[in-house]
Every structure is written in C-alpha cells, then in structure tokens.
1. Among ARG105, ARG245, what's the order by accessible area (1.4 angstrom probe), most exposed first?
2. So what's the convex hull volume per residue for the Cα atoms of the stretch 317-401, in Å³?
3. Would you mind giving the three semi-axes, in whole Å and largest first, of the ellipsoid equivalent to the stretch 19-101 according to its Cα gyration tensor?
4. If you bin the C-alpha pair distances of the stretch 424-510 every 5 Å from 0, what whole percents do you get?
5. So what are the three principal axis dimensions of the stretch 503-611 from its Cα atoms, in whole Å, longest to shortest?
6. So how tilted is helix 518-540 from the main axis of the chain? Cα-based, degrees 0 to 90, rounded to 10.
7. On a C-alpha basis, how far is the centre of the stretch 44-61 from the centre of the stretch 451-490 in Å? Whole number, if you could?
8. I'd like the orientation of helix 230-247 relative to the chain: the angle between its Cα long axis and the longest Cα principal axis, in ° from 0 to 90, rounded to 10.
Amino acid sequence: MSGKKWLLMLAGSVLLALALCAGVNVLADPFGVFGDPIFNWYSYNETNNPRVAKLAWLEEHHGEYDSYIIGSSSAASLEARTMEKYVDGRFYNLFVYGSDTRDYRDLAAYVLEHYEVKHLVLNLGINEANVYADEPEGMTDRMHALATGENLPLFYLGYALGNPQYAVDKLAALGQDTELPQVFDVFDVSSGCYDKRLRNVEKVGDPAIYDAENPGAFYMEPDPDGLPYIEECVQTVAEIRDLCRERGAQLLVICSPVSEAQWDLYSEETLRAYKTALAREVDYWDFSCTPVTYDTRYFYDATHFRTTTGDMVLAEIFDDETVYRPSQFGTHVTEENCQAWLDELFAYPPRLPESAYTVEVPILMYHHLTEKPAQDTELSPSLFASHMEALARAGYAAVSFQEMIAYVQRGEPLPANPVCITMDDGYLSNYELALPILEKQGMKATVFAIGSSVGHTAYYKDTDHPITPHFSWDQARAMTASGLLDVQSHTYDLHQWAPYETGEEVRTSVLPLEGESETAWAAAVEEDLAYYDRLRRQELGDGFCALAYPGGYYDPASEVLIHQAGIPVTVTTRTDSRNVLVKGVPQSLYALSRWNVTERTSVEELLQIVE
C-alpha cells in the first residue's frame, strides 16, 4: 500500500471516528447543549453542568419566567415557588455549582439583556469572597458561551467532540432512572431548584440520629487564606446592581444562612471587612449568623441551608407571620447601620438555648380496650384509666398533632411536659370506653382509623369473617366534636388482613408489593390517600394532618408520597429515637417514634417511658 493511500485511509478513519463521536454526543447530549432532542432529560443535563444546561433550557423556555435567582448551590434553598408567594413574578432559580461571582455577573448580564426580567435575587454566602474568576477545568464546570461571549461555533464543537463517556453514562443511566431523584438527576427542571424530595424526608429531630446519619457533614478544613477576593466579589455585585438599574429590574441581595462550622473559619476582622465592603455598594438582608447558625438541623451540611430555612429567610424579608423564625433572625443592612449591626453581632452572638426552640414529645400507642385482653393490641379499660390518671397526676399534658404542627410551623407554644396518646385501627371501644376515661382525666388522644373498616361492627369489609367492631362516621363526628379524640389516617385500605382478603394483590403496608413497578405502586398509594382525604373532608370537614404507617413499615419513598399528599406528620412503631420537635423544621414531624402499650405495661413502666 502506498504511503499516500495509507494517509488517506488514516485521515478517513480519524474523520469517521470524529463523526461518530460527534453523533453520539449530539444525540445523547449529556449537557443539554444541543437541546437534548431525543431524551429531553434536563434533570440529568443540569446535574452534569448547570451553567450550560440551565441556559440551554432557558433559551427555549425563558418566556415562562420573568424573574431569576442567582447564586451558588446554597441558593437552591430559596425556592422559586416560595418567592412567588411574596413577589409578583414567575421565578426560575439559576444557581450554579461553585461560588464565583464572575459567573453570577455573566448570567445576570445575559438574562437582563436577552430576557424579560422584573426581579433578580442575588444570594451570597461567604465563599463568594473566597474564589474569583476560576478557570474551568472541563465540560462539567465551564460557562455557556452565550453568557461569556466566547465563540459559539467553537463552544458547540468542543461539546460535540468532547469525551463520549459522558454520553455513554447518560445512556446507561436511562435504564436506572426512577421517579425520585438519584445522584445523576438531582434537579427540578421547571424551577431550576434541586429536587430535594428525598433529602427533605430524612429524620432530623433527634440530633444524635441526625449526626450519626451525616458523619463529617459539618466539618470544614481550616482556611488559611481567609477571604482574599472581597474587593473582586463586591465589585462584581456592584456591576450586577448597575445592570439591574439599567434594565429596570428590582435587585434583592441576600446573605444566606451560614453554619457555625463555616462561620468559625474566619476571623471577626475578615468578616467585618466583607460585610462592610458589601454595604458600601448595596443594601442587603443578612442572615449569615443567626440563631439557626448554631444548630445543624437547619442545614443539610456545612455549606447548604435547608429549604425550610430558606422559607424562614423569605418570610422574614416579606414579613410573613404565619412562618416561624427565631428572634434575632436577619437584619436589613445599609451603609448607615452596618457598623452598629456588626458591633452587636460580634458582641452578642445570637445563640439561643435549645429549650427555646425544641421540645421532646413521647408518643404512646394503644389499640383496643376490652375487659378480657388476650393479645398485645388489647388493654383493659381499668388499666387505661390508671395510665391516664397517672399521666395527669405526674403533670403531663396530652397534646394533639395539630398542636405539634403549630409548634413546628408557627412557633406556637406547647404546654409543659407534653405527651401524645394514640390508638390504632379505629375500634368501637375507642369511642365507647376510651372517650369517657379521657373526659374524666382531661386528656386528649388521636385515633388512627383504617378507612375501609369505619362502621364495620360485625364483619371484615364485605366478607363473612367476624372482626372486632369499629366505630362509625357518626361516632367519629362525636369524638371530634368533643375536642378530646381526634381521627387521623391509618390509610384507607393499605392495612389489609391477608387471611381475609380475596384478591390477588394484598396490601398490608404502604410499601410496594413484590415485583411491583414504582409507577404502579405510587399510583396505588396516591389513590388511597386521595380517596380517604376526600372522605374525611366529606364526613368531618377537613383533611388529614397525620398518618400512622400500617405495621409501622415505611421507607424514604413512601415518606415522599405521604408528605406530597399534604400530610405533615407521620408516625411509626420505631422506638430507636427521641421525638424532638424543632421550630421551623417540619422534618422533625416525620417518622415519629411510638411506644406500644400493652396489658403488661404497669403505671410505673409507663411513666418511665414518657420520662
């Protein structure tokens, strides 16, 4: 073979390889650069590189928005939908990985010039003064050429001829995708925020459990460099301010909540310099160091505050009294008040005693009252009466789930020594025997009723299998009217008794059946919850606020479904953690522990449990 022919074949092979590479990258489009025409999987693309994929998404969808949130990944906890409660705007969260304010400026400049922008929210942490003009290391962290002004054809060519492994990984991930977020698709595309459905159902209240499940999350390496880019950061903020003024957009600057681990990395002198320099250029809301700084439960990790903490931030800015936030939470800083604010902040750090915003509530679990208890779900009325009398004499106050919700969501106080009394399944004895005892002792309780059993006094559903009688909706109305015995959800029909069921699919809990698809399972659970909620509204006037898991079985996915359905409290049969309610942290109402009480539980043992 001649050398010329060999060179032609080599060149042809290289061109073919490049064409194949470009074809795979363009069609799979793992960064969304080319519009992802086949898969339209922007949650995946944005996870790879939000700087590129979000702007590519907005090129097609910017008409749906007129307001933007810009910042690092901590800004994801300022939710677009929450902003829309307070501001007349359609928000998209344009946060990116990293904290380079040069990128913020480039994004702000592009959207202000090319899109309609009524409001721009700029979220600043501390890291913004710790990095500036970082050069991108590859396709996963570079900015879109639309924003930087780079050569567009070369930009697209770079992604077309980039490492095809990204495309291969995307194709492989397609077969592993589920409804809930995974490590490769963590974005809610329509809002631009993180999809935090799973993060937001983790158990938070008991600090020992939370810290054990997040080892190392709140440790930060010492930072010997301090904050070397204060002036560059502040100058870039001033440029964003000027751009907003030119385009007639309202600018809101928020210094976001910072954890104690991060706050303590820097000296008072350094932090004063940063805050002072910023106040010279813009007014801003400062939430950097507040009472929540000193409690990890308000954060996902050392550099990311919880979405619920973001809700508190926005409630403070827009004076929403329906949302709890502690005293000394946030200050509107101007050049005039900045030094006085900093003097107070460093002289009197806003640390609160834990008792000011947390309370422990033990939950007791009863079932059926009968004169001849024969199993662990049965208890004699006399012993139940002794239990209630002992709790009352010991100074315990029985509280409802509505009161617990009000404590967490709005900061409304609970009585001293709170205890929560529950009864599962919805037996007639709860109405006939328990209610008079509760009335006598001035206690209150909650019944978690199985919806399909309400009103069945002789047989299991429509069978000839005898069952222990359950109360009716008329009796449920009487219990509710008493103010002492509330009725909440044990699901409508996900607590089936297998020996009495005739169908092929028997659901004894909210968990999926063996081999059941995620879609089918979620649809079944959502249908059950929605039907039972409509039924309760029809019979009792409002929906459910609490659910007891049948059998105590649950997992993170079921927690997501329950809370998506609008039920703020879930209880289990676990006894491995304390029920510590935290003001402003709704996750402290999730998967609460309960202690089962039986005929063998003496008064002394009961008091030991609640103590």
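1. ARG245, ARG105
2. Values: hull volume 12.4 nm³, N = 85.
So the per-residue hull volume is 146 Å³.
3. Details: eigenvalues 149, 42, 16 Å².
Calculated on Cα positions only, the semi-axes equal 27, 15, 9 Å.
4. 3, 15, 25, 22, 15, 10, 6, 3, 1, 0
5. Extents along the principal axes, in whole Å: 46, 33, 28.
6. It is inclined by approximately 50 degrees.
7. If you average the Cα positions of each part, the centres end up 52 Å apart.
8. 90 degrees
The values are calculated or read from the model by the stated rules, or taken from the named source; none is laboratory data. For clarity, every value in this text was computed on a predicted model and none was experimentally measured. Reconstructed Cβ throughout: ideal geometry from the backbone, glycine too, with neighbour counts over all protein chains shown. With ligands, DNA and RNA removed, areas are computed over all heavy atoms of the protein, side chains included. Shrake-Rupley method; radii C 1.70, N 1.55, O 1.52, S 1.80 Å.
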